[in-house]
Amino acid sequence: MQRSRLPQGGANIFQKIRAKRSEAEAQGVRLLDLSIGEPKGPALLSARQAARDAVMSDDEAMHAYQYNASPAVPGFSERFVNAHLPRPLPAEGVAYLPIPGIKPILGLLPLACGCALQPVTVATMTKPGYPIPADWCAYHVNVTHYALPLNSANAFRFATGDIRPDTGLIMTNYPHNPSGQVASADWFRALCQYCSDHEIRLFNDAAYYSLSHDPDCATLAQVAVEFPDLSWAEGYTAAKLIGNGTGWHVGAMVGSPDFIADTGEVKGKTDAGIVAPMAAGALAALETDQASIAEYRAMYRERLDLLSALMRDCGMKLAIEPRAGFYTLWEAPARAFGRRMAGAEDFNFAMIDNTGVVGVHFGDYLRYAVCADVAVMADDLQAAFRAADVGYD
């Protein structure tokens, strides 16, 4: 009999929001969509021009499988990672791996930690947070997953005391989606020491590092090299780096040789590698067009400030000041539209139905993105939140 072999109700929050958005549009609601975590428009011109030249190359390597290397773009991974950082990483004690973006790699990390052979407990930053690490963990039979506590009270930074004793892998996400919180070098240093002492593997998703506007923002790689016994890795991607590079599927990992080798073994058996011309384009932008990347970073910061001021003026409570990326995170109102709210999902769907404003609800919080030009939408957004007449009592 033809039937689904998956549990019912398995859609994640993004799939649910897309469905609700389509339903509202079908009913004639004019949407003010702040749910999209994807830059608008094309990739940077510098990246597109370099990718164009690479596509037109007669070099066979540029059109071939790359697997776990990048013969068409020599040194791609090391150059890509180090171009993000204020200073290059040491030549010894680290290894690199090209990846087709971070999302598909997240599912390989528990496998690289041996979950196909033995139980592995994985801690993630998914409550509230980007749900894909938890989704991947749910597909692995031998993985026990738990979410580390993140909230306004702890400034969306968990403590080492929150880590369970049986944890084998911690998957962090700093700068954090959706709070925009960053990790400082001192915070990473304490976590690295703990993981080194307890033989826990540590991975950080640094997708939004290039969009940080806080001088205290650090990467795991900058700190982890101080801990020779630590098993660690960090992922970077071109998706948000080069304007809109979300469809380019290019990135790189750096980490301790053991973790990179294990990840590379799993990846090498299941993946054909990056798309070389897109890697050439992304790297060209990163190495020659930092001015344009800085312009995007400044644009998002201006939009964050504008939206935060607008929504605060309408009575909304910011969960934490965003320090990176293009997201704002808000506490769910207790009442709106003249009635009590059952939670963040109830409020989000009420906003969609009544005003067309689309956000993403994460637990007790709501995320509103600034990928769209909120200055153009400002009057309509203000009218929408005024109509909601929110309260927190």
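The values are calculated or read from the model by the stated rules, or taken from the named source; none is laboratory data. Just so you know, these numbers come straight off a predicted model, no measurement behind them. Cβ: placed from backbone, ideal geometry, glycine included. Neighbour counts: every protein chain shown. Note: accessible area is taken over every heavy atom of the protein model, side chains too, but ligands, DNA and RNA are not part of it. Shrake-Rupley method; radii C 1.70, N 1.55, O 1.52, S 1.80 Å.
In the range 32-60, the residues that are over 30 Å from ALA384 (Cα atoms) reach residues that are aromatic (Phe, Trp, Tyr) with C-beta atoms within less than 7 angstrom, at least six apart or across chains, in these pairs: ALA43/TRP248.
Scan the range 304-313 for residues that are over 20 Å from HIS213 (Cα atoms) and surrounded by fewer than 17 Cβ atoms within 10 Å (Cβ to Cβ) and jot them down. Steps first, answer last, please.
Step one: filter the range 304-313 for residues over 20 Å from HIS213 (Cα atoms), giving 310-313.
Residues satisfying the conditions are ARG312, ASP313.
Just one of the numbered conditions (1) out of contact with any helix residue (DSSP H, G or I) (no Cβ under 8 Å at 6 or more places or on another chain); (2) over 23 Å from VAL29 (Cα atoms); (3) open to solvent by less than 40 Å² (accessible area, probe 1.4 Å); (4) touching a residue at least 60 places away in the same chain (Cβ under 8 Å) is not true of ARG301: (3). In the set (1) open to solvent by 50 Å² or more (accessible area, probe 1.4 Å); (2) over 23 Å from CYS113 (Cα atoms); (3) in contact (Cβ under 8 Å) with a residue 24 or more places away in the chain, the condition left unmet by ASP166 is number (2). Of all the numbered requirements in (1) within 25 Å of ILE132 (Cβ to Cβ); (2) open to solvent by 60 Å² or more (accessible area, probe 1.4 Å), THR328 misses one, and that requirement is (2).
When ASN142 is tested against (1) in contact with a Pro (Cβ under 8 Å, 6 or more places away or on another chain); (2) surrounded by 18 or more Cβ atoms within 10 Å (Cβ to Cβ), just one condition goes unmet, and that condition is (2).
The residue pairs whose first member lies in the range 209-236 and is farther than 16 Å from VAL81 by Cα, whose second member is among the charged types (D, E, K, R) and outside any loop (DSSP other than H, G, I, E, B), and whose beta carbons are closer than 7 Å, counting only pairs six or more residues apart or on different chains, are HIS213/ARG297; HIS213/ARG301; SER231/ARG201; SER231/ASP258.
Restricting the range 25-48 to residues that are among the polar types (S, T, N, Q) and surrounded by 16 or more Cβ atoms within 10 Å (Cβ to Cβ), which is farthest from CYS137 (Cα to Cα)?
Initially, the range 25-48 is screened for residues among the polar types (S, T, N, Q), giving 27, 35, 46.
Remaining after also requiring surrounded by 16 or more Cβ atoms within 10 Å (Cβ to Cβ): 35, 46.
Numbers: SER35: 24, SER46: 37 Å.
Among those residues, the one meeting the criterion is SER46.
Selection of first residues in the range 88-100 that are exposed (fewer than 12 other Cβ atoms within 10 Å of the Cβ) and of second residues that are modelled with pLDDT of 95 or more and in a strand (DSSP E or B), restricted to Cβ pairs under 8 Å at least 6 apart or on distinct chains, gives an empty result.
Is it the case that the range 17-24 has a residue that's open to solvent by less than 10 Å² (accessible area, probe 1.4 Å), modelled with pLDDT of 95 or more and not in a loop (DSSP other than H, G, I, E, B)? Reasoning before the result, please.
First, pick out the residues of the range 17-24 that are open to solvent by less than 10 Å² (accessible area, probe 1.4 Å): 17, 24.
From the residues that got through so far, the ones that are modelled with pLDDT of 95 or more too are none.
No: zero hits.
Among the listed residues ALA112, ALA134, ALA116, which satisfies the condition of being open to solvent by 30 Å² or more (accessible area, probe 1.4 Å) and hydrophobic (A, V, I, L, M, F, W, C)?
Working: ALA112 fails: open to solvent by 30 Å² or more (accessible area, probe 1.4 Å); ALA134 fails: open to solvent by 30 Å² or more (accessible area, probe 1.4 Å).
Just a single option satisfies the conditions, and that option is ALA116.
Only a single criterion out of (1) under 17 Å from ALA69 (Cβ atoms); (2) under 20 Å from the mean Cα position of the chain (by Cα); (3) open to solvent by 30 Å² or more (accessible area, probe 1.4 Å); (4) hydroxyl-bearing (Ser, Thr, Tyr) is not satisfied by THR263, namely (3).
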